[in-house]
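Some notes on the structure that comes next.
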């Protein structure tokens, strides 16, 4: 008998067919997130779960008596209760690698958009404000030759650093939990304390995962250390920064602007002050959102799912499980 799996993420038919070759599957076929009570009911008799939004915690795992594996269609897996997963002795995977270059592209899109004020000036032109020669009040800030500070030198951080040094001749500082001499040599980047990075950088890019240690890593003290003409870019998780501190720093002109793909609350509240600031670029958490990358992420998760329920070793087991 084929193993049974539950899929709560929307998948292309090609990937569903692949799963169907190896498993009996149950689909949540609606665009909105599966209701918690429905998820808990459906999890009771399945061997595997493929998701991207659902909380995998003690309550769910206690219900899923047959669960062998849970697979997240994401590089970050802060929806996983790691200790509960360890306690129940199941496998858990995510989808790193396939989205690294795409997210790095978006980071640079935000760097260019904030520094050169692309979205603000686009809005001005479309709203008929370009009625005279452009003066200094519409000037932007150079990206080439500037100093970029990267907080979190993981795979995506390395891709961003490569673009910065080779493509834009930028000076790159990085702050990371551990120093990476091999990356320094390969990419000509410099390890720095967080305080020095914030004080020296023209563009501060946050790429660290959200953990207990990085929760609100960047707050009032850190924004006060930044240059008044510096830009803040966040493509990690909204909870890594104190959003109110960022709002205050922007309001008080302590920093020049921000490019944000993530927020404390998603979707962002329509009353959030960030939405009314011309020097802030706001995106709807689209770091990996290209057709090819999303397909590759979902196929990667599907392959891990099939492997996990058929007794093979899946790809990309989360590091906390010792793989």
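Each reported figure results from applying straightforward, stated rules to the coordinates on display, with no laboratory input. Source: prediction; values computed, not measured. Glycine gets a Cβ as well: all are built from the backbone with ideal geometry, and neighbour counts include every protein chain shown.
Report, to the nearest 10°, how far helix 100-115 tilts away from the longest principal axis of the Cα atoms in the chain, using its own Cα long axis and a range of 0 to 90°.
Its long axis makes an angle of about 30 degrees.
Contact order normalised by length for the chain, with contacts defined as Cα pairs under 8 Å and 6 or more residues apart; what percent is it?
Dividing the mean separation by the residue count of the chain yields 18 percent.
So if R0 is 41 Å, what FRET efficiency would residue 124 and residue 179 give, r being the distance between their Cβ atoms, rounded to the nearest 0.05?
So, using R0 = 41 Å, E works out to roughly 0.40.
Which FRET efficiency value, to the nearest 0.05, do you get for residue 30 and residue 277 by plugging their Cβ-Cβ distance into 1/(1 + (r/R0)^6) with R0 = 45 Å?
0.85
Take the chain, connect every pair of alpha-carbon atoms lying under 10 Å apart with a spring to form a Gaussian network, then pick out the residue of 127, 279, 224 with the largest mean-square fluctuation.
In this elastic network of the chain, the residue with the biggest mean-square fluctuation among 127, 279, 224 is 127.
Efficiency by 1/(1 + (r/R0)^6): what FRET value for residue 131 and residue 221, r their Cβ-Cβ distance, R0 = 45 Å, to the nearest 0.05?
According to the calculation, E is roughly 0.55.
By count of other Cβ within 10 Å, fewest leading, how are 28, 130 ordered?
Fewest-to-most Cβ neighbours within 10 Å comes out as 130, 28.
Mind jotting down the distance between the C-alpha centroids of the stretch 219-279 and the stretch 108-140, whole Å?
The distance from the Cα centre of the stretch 108-140 to that of the stretch 219-279 comes to 20 Å.
In which sequence would 237, 116, 36 go, from the one with the fewest C-beta neighbours within 10 Å to the one with the most?
Final ranking by Cβ density, sparse to dense: 36, 116, 237.
Averaging sequence separations of C-alpha pairs under 8 Å and six or more residues apart, then dividing by the length of the stretch 100-282, give the relative contact order as a whole percent. Intermediate values should be presented prior to the final figure.
Details: 321 pairs, mean separation 37.7, N = 183.
Taking the mean separation of contacting Cα pairs over the length of the stretch 100-282, I get 21 percent.
When 93, 119 are ordered from fewest to most other Cβ atoms inside 10 Å of their Cβ, what list results? Could you put the intermediate results ahead of the total?
Details: 93 27, 119 18.
Ordered by Cβ neighbours within 10 Å, fewest first: 119, 93.
If you stretched the chain out fully between residue 59 and residue 190, how much longer would it get, using 0.36 nm times the residue separation minus the C-alpha to C-alpha distance?
Taking residue 59 through residue 190 to full extension adds about 42.7 nm, to one decimal.
Determine the calculated [θ] at 222 nm for the chain from helices alone, applying -39500 (n - 2.57) to every DSSP H run no shorter than 4 residues and normalising by the residue count; nearest 500 deg cm²/dmol.
Working: 12 runs with 111 residues, N = 323.
The helix contribution divided over the chain gives -10000 deg cm²/dmol.
Against the longest principal axis of the chain, how steep is helix 13-22, in degrees 0 to 90 to the nearest 10, with axes from Cα atoms?
Computed tilt is about 40 degrees.
So what is Rg over Rh here for the stretch 100-282, counting just Cα atoms and using Kirkwood for Rh? Don't jump to the answer; show the numbers that get you there.
Values: Rg = 16.0 Å, Rh = 16.6 Å.
My calculation of the ratio gives 0.96.
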